[in-house]
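A quick write-up on the structure given underneath.
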Amino acid sequence: MPRRSNTASDPDAFSAPDTFPPVVSTYQMVTTVGIPRGHEAHFHPDTIEICFVRKGRLDWWIGDQTYEVHSGDVVVMPATVPHGSADATLQPCEYCALHIDPKALSADTRRATQQPHFGGLHTGQTEAGEFVRRLYEEHQRPKAYGREVVRSLANLLVVQLARHGESAKDSPEKNYLVRRAIRALTEEEGGGKSIEEVARQLRVSTVWLTRVFRQELGQSPGEWARSRRLGEAKRLLAETQDSVIEIAIRLGYQSSQYFATAFRRETGLTPSQYRQRCAIVGPGAPAEIARSPVA
């Protein structure tokens with residue numbers, strides 16, 4: 001099966017390198033603009049899809065959960081579980097992904113993929129992400145002993161994700177300091193307090209607060225606040241008839257132009273274009289989830 005490599009300059013480029021078990025398919029997405037109807041709802045009946053986000057931010061859903069996926073995160077879609085982009089438009093991003101046949105893994109590693117905490121979002125997993133990247137590169141430029149390297153890397157990747165899922169299951173959802181910072185950042189309508197103000201309120205340095213935030217959530221407080229505000233903007237554009245100016249003012253932007261610039265940087269669309277796209281596509285489409293086997 002051809003492996004697709006999407007880029008902003010050549011969105012329909014294909015290549016067809018050989019793959020080694022347990023990897024069935026590899027692909028890369030690089031786009032600087034939003035892609036309408038990108039990654040609509042689908043599932044893979046026989047393979048596990050593992051995606052490493054290098055740049056950008058994606059709103060993703062897997063099964064009955066919705067996730068904010070940021071650079072440095074790894075997201076896992078188990079076989080038979082529906083998934084896709086949560087928005088009508090796939091945001092500007094760069095990621096590489098692969099499909100793994102669980103039947104081709106070692107017996108112990110295969111059992112790890114059947115644990116409930118294996119799938120979903122793995123925040124800040126740069127080590128696992130490096131395994132994904134190396135597996136992708138190994139298939140683009142095959143070298144001697146490639147079959148053995150791929151088999152070893154794939155098993156290490158699955159084990160790393162299983163261990164991370166196990167440790168995350170047994171730890172609090174968020175560090176106490178992070179929970180307090182989030183409460184302070186969101187307690188005022190219109191953007192809340194600045195990061196510096198929150199750090200002073202919590203009696204910690206901005207450097208320390210940023211470090212803890214990144215450890216827990218894989219992003220800085222400013223990135224988290226910006227993502228949350230733009231996420232609320234998307235909800236208001238899709239669900240209300242409020243004007244763009246009204247939404248910008250409500251969310252604390254200095255001007256509707258500044259809001260439109262930030263929104264386009266995030267989604268690849270202007271607020272008006274996003275609203276039009278939501279009206280056309282809608283959260284209920286497609287009517288059925290496509291079965292998407294990987295040969």
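So is residue 87 assigned to a loop (DSSP other than H, G, I, E, B) and within 13 Å of the chain's Cα centre (by Cα) or not? Against the criterion (assigned to a loop (DSSP other than H, G, I, E, B) and within 13 Å of the chain's Cα centre (by Cα)), residue 87 qualifies. Taking the criterion of being touching an Asp or Glu at 6+ places or on another chain (Cβ under 9 Å) and surrounded by fewer than 21 Cβ atoms within 10 Å (Cβ to Cβ), the residues of the stretch 33-63 that qualify are 38, 41, 46, 54, 55, 56, 59. Where helices (runs of 4 or more DSSP H) fall wholly inside the stretch 196-271, the ranges with 1 or more residues that are β-branched (Val, Ile, Thr) and within 18 Å of residue 184 (Cα to Cα) are 206-217. Whether any residue in the stretch 58-73 is of a type in the set (Phe, Trp, Tyr), part of a loop (DSSP other than H, G, I, E, B) and either modelled with pLDDT of 80 or more or touching a helix residue (DSSP H, G or I) at 6+ places or on another chain (Cβ under 6 Å) (or both) is what I want to check. Checking the stretch 58-73: not a single residue is of a type in the set (Phe, Trp, Tyr), part of a loop (DSSP other than H, G, I, E, B) and either modelled with pLDDT of 80 or more or touching a helix residue (DSSP H, G or I) at 6+ places or on another chain (Cβ under 6 Å) (or both).
Condition check ((1) outside the structural domain of residue 49 (by TED's automatic domain parsing); (2) surrounded by 15 or more Cβ atoms within 10 Å (Cβ to Cβ); (3) modelled with pLDDT of 85 or more; (4) of a type in the set (Val, Ile, Thr)) across all residues:
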| site | (1), (2), (3), (4) |
| --- | --- |
| 228 | yes, yes, no, no |
| 236 | yes, yes, yes, no |
| 255 | yes, no, yes, no |
| 285 | yes, no, no, no |
| 290 | yes, no, no, no |
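Within the stretch 1-45, if we keep just the residues that are of a type in the set (Phe, Trp, Tyr) and in a strand (DSSP E or B), the residue that is modelled with the highest pLDDT turns out to be 27. Is it fair to say residue 171 is under 23 Å from the mean Cα position of the chain (by Cα), of a type in the set (Ser, Thr, Tyr), at pLDDT below 80 and assigned to a loop (DSSP other than H, G, I, E, B)? Answer is yes for this residue. Among the residues of the stretch 112-148, those identified as in a helix (DSSP H, G or I), out of contact with any strand residue (DSSP E or B) (no Cβ under 7 Å at 6 or more places or on another chain) and more than 30 Å from residue 223 (Cα to Cα) are 112, 138, 140, 146, 147, 148. Within the stretch 82-92, the set of residues being surrounded by fewer than 23 Cβ atoms within 10 Å (Cβ to Cβ) and hydrophobic (A, V, I, L, M, F, W, C) comprises just one member, 86. The residue that is modelled with the lowest pLDDT, counting only those in the stretch 90-111 that are closer than 16 Å to residue 54 by Cβ and assigned to a loop (DSSP other than H, G, I, E, B), is 91.
The values are calculated or read from the model by the stated rules, or taken from the named source; none is laboratory data. Computed from a predicted structure; not experimentally measured. Positions of Cβ are backbone-derived with ideal geometry, glycine not excepted, and every protein chain shown enters the neighbour counts.
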